[in-house]
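The values are calculated or read from the model by the stated rules, or taken from the named source; none is laboratory data. Small disclaimer: the values here were computed from a predicted structure and weren't measured. No Cβ is skipped: glycine too gets one built from the backbone with ideal geometry, and neighbour counts run over all protein chains shown. Please note that ligands, DNA and RNA were not included when accessible areas were found on the heavy atoms of the full protein model with its side chains. Shrake-Rupley method; radii C 1.70, N 1.55, O 1.52, S 1.80 Å.
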Amino acid sequence: MMVSERGAGDGDDSVRSDGGGDGLRSDGGDDGVKTGGPRRGPASGSAPASPEGGAWYAVRGGECLFAVAGLPLALLCAGYAIAVLYAGVLLSLTVLGLPFVVAALRGARALGAPHRRLVERLLGERVEAPAPLPRPTGPLARGRAVLTDPVGWRTLLYLVLRLPLGLLGFAAAVGLPAGCGWLIGFPLWVRLLEAGPGPRPFGWADAVSVPLGLLLLAAVPAAIRALSAANRRLAALLLGPAPAQQRVRRLEAARAVLLAENTDRLHRLERDLHDGTQARLVALAITLSLADDALTATGGPDLERTRGLVERARGQTDTTIAELRLLTRGIRPVALDGGLAQALPSLAATSPVPLTLHLDLRDRPDPAVERAVYFCAAELLTNVARHSGARTAALTAATAGGRVRLTVRDDGRGGASADAGTGLAGLAERLAAVDGTLTVTSPAGGPTVVTADLPLRV
């Protein structure tokens, strides 16, 4: 179904949602995301692609040090990896084969830690440490745990692959500049070293050597940065947790956040019911008791007083019902009974910013995913209305390939960030609870594009 709808509201009201079972809410509190204002730098653990200023000739000191000092370590560790692999193959036909391989893999796993620290300190790339090795009872079970541990094998592969990268890095940081110096000074060196009777004539080699040396010297920074990027990528790929372990960790962290938020929301609901709704019901019971006393008075029923008490009870009942509706509205919006195809247009109609809506929802997601998408849209539209300064916005929701994608775009000031400590970071954590991801593109000056991508089935 394709829907294109445009609506605008008046006043300062913004799209609002008071929370839900999936832990997503927009209440204008601390989770509000300012899409204007200063933009934060890269998140912790991300390395800058180039040094400050981004000049083509600039190289970070850590990259040069890693290229020079990393070669001896690369030689030693690659020698260890190749030696243990060779010895493991030779001993595989003997009873010493498996114990030797187990010890070699434990040693390789231990060598991963200093490499992670070296990459973090010199290249600025933080590589998350893998989970500790399981320690089952019994030597056979422990040996099997080591042999089936992917971390040890991936670290061995890293130690082998670090050797060619280390050689290339040393050549780029030391050999290439030295060669460039020799080429640039070639017309002088050749005349100083020549033992001929007369002066050497200026030839084509003298004319070519200087510009060639300068050209290669200009390529040194780019070569060092490219090799540093390759080392970052290799370390992140092989020294960190396996992809399955990373996914499990993300889901565990997201579910822990979701559990904490749901517990806090339950406590708030209990407090609101106790301090608000319960007090109103007690007041209603007292009013009805007074009305009963007025009807059974010894001097006859006081109809005027009874009528006033009944009117008061009716007002208290209406107020209590309205309060209960407000409390239960965030648990599961009634609009979601008809799916996102009905809920999102209702949500978009309340936006004070003129909004274009595009829907292509051929498949209906699971209820938990529907709630996540609905409350994500509510929070993003709230942020557009309150903080972006946008004149127009667009919301697109579509399902394809077993996934549902929600995109909110506005033409506001930009500068939104999903770094830690911002509302978008919290929203990303809540989406991760249903295995979803959040992508933010918001250059200074706009436009801001936020995309939530979730599976249809949890």
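Looking only at the range 130-164, count how many residues are within 28 Å of Ala226 (Cβ to Cβ), open to solvent by 30 Å² or more (accessible area, probe 1.4 Å) and in contact (Cβ under 8 Å) with a residue 40 or more places away in the chain. Residues meeting the conditions: 6. Residues in the range 120-145 that are more than 25 Å from Arg250 (Cβ to Cβ) and assigned to a loop (DSSP other than H, G, I, E, B): Pro136, Thr137, Gly138.
Restricting Ser346, Ser351 to those that are closer than 30 Å to Leu269 by Cα, open to solvent by 60 Å² or more (accessible area, probe 1.4 Å) and among the small types (Gly, Ala, Ser) reduces the list to Ser346. Would you check if Ala393 is touching a residue at least 60 places away in the same chain (Cβ under 8 Å) and surrounded by 22 or more Cβ atoms within 10 Å (Cβ to Cβ)? When the stated conditions are applied, Ala393 does not pass them. Within this structure, Gly124 passes the test of being modelled with pLDDT of 85 or more, touching a Pro at 6+ places or on another chain (Cβ under 8 Å) and within 22 Å of Cys77 (Cα to Cα).
When we screen Leu237, Leu258 for residues that are more than 24 Å from Val174 (Cα to Cα) and modelled with pLDDT of 85 or more, the only hit is Leu237.
Given the criteria hydroxyl-bearing (Ser, Thr, Tyr) and surrounded by 15 or more Cβ atoms within 10 Å (Cβ to Cβ), does Thr298 qualify? Considered against the rule, which asks whether it is hydroxyl-bearing (Ser, Thr, Tyr) and surrounded by 15 or more Cβ atoms within 10 Å (Cβ to Cβ), Thr298 comes out as no. For the residues Leu216, Leu227, Leu188, the requirement of being at pLDDT 70 or above, among the hydrophobic types (A, V, I, L, M, F, W, C) and within 36 Å of the chain's Cα centre (by Cα) singles out Leu227. Glu120 satisfies every condition listed in (1) farther than 18 Å from Asn231 by Cβ; (2) charged (D, E, K, R); (3) open to solvent by 50 Å² or more (accessible area, probe 1.4 Å) except (1). When each of Ser442, Ser417 is tested for being more than 22 Å from Arg255 (Cα to Cα), touching a strand residue (DSSP E or B) at 6+ places or on another chain (Cβ under 6 Å) and not charged (D, E, K, R), the lone residue that passes is Ser442.
Ala341: farther than 26 Å from Ala425 by Cα and within 29 Å of the chain's Cα centre (by Cα), yes or no?
Numbers: farther than 26 Å from Ala425 by Cα: yes; within 29 Å of the chain's Cα centre (by Cα): yes.
Yes, satisfied.
Among residues of the range 58-84 that are under 12 Å from Val119 (Cα atoms), those with a beta-carbon under 8 Å from a residue that is open to solvent by 10 Å² or more (accessible area, probe 1.4 Å) and not in a helix (DSSP H, G or I) at least six positions away or on a different chain give the pairs Gly62/Gly124.
Only residues that are in contact with a His (Cβ under 9 Å, 6 or more places away or on another chain) and open to solvent by 10 Å² or more (accessible area, probe 1.4 Å) were counted in the range 408-456, giving 1.
Highlighted here are the strands (runs of 3 or more DSSP E) found entirely within the range 370-458 that include at least 2 residues which are over 20 Å from the mean Cα position of the chain (by Cα) and more than 18 Å from Thr350 (Cβ to Cβ): 393-400. Can you name the residue in the range 73-87 that is open to solvent by less than 70 Å² (accessible area, probe 1.4 Å) and out of contact with any Leu (no Cβ under 7 Å at 6 or more places or on another chain) and is also farthest from Trp153 (Cα to Cα) among such residues? Here the answer is Leu73. Does Ser388 satisfy the condition of being modelled with pLDDT under 85, over 14 Å from Leu406 (Cβ atoms) and buried (at least 20 other Cβ atoms within 10 Å of the Cβ)? Spelling it out, Ser388 is indeed modelled with pLDDT under 85, over 14 Å from Leu406 (Cβ atoms) and buried (at least 20 other Cβ atoms within 10 Å of the Cβ).
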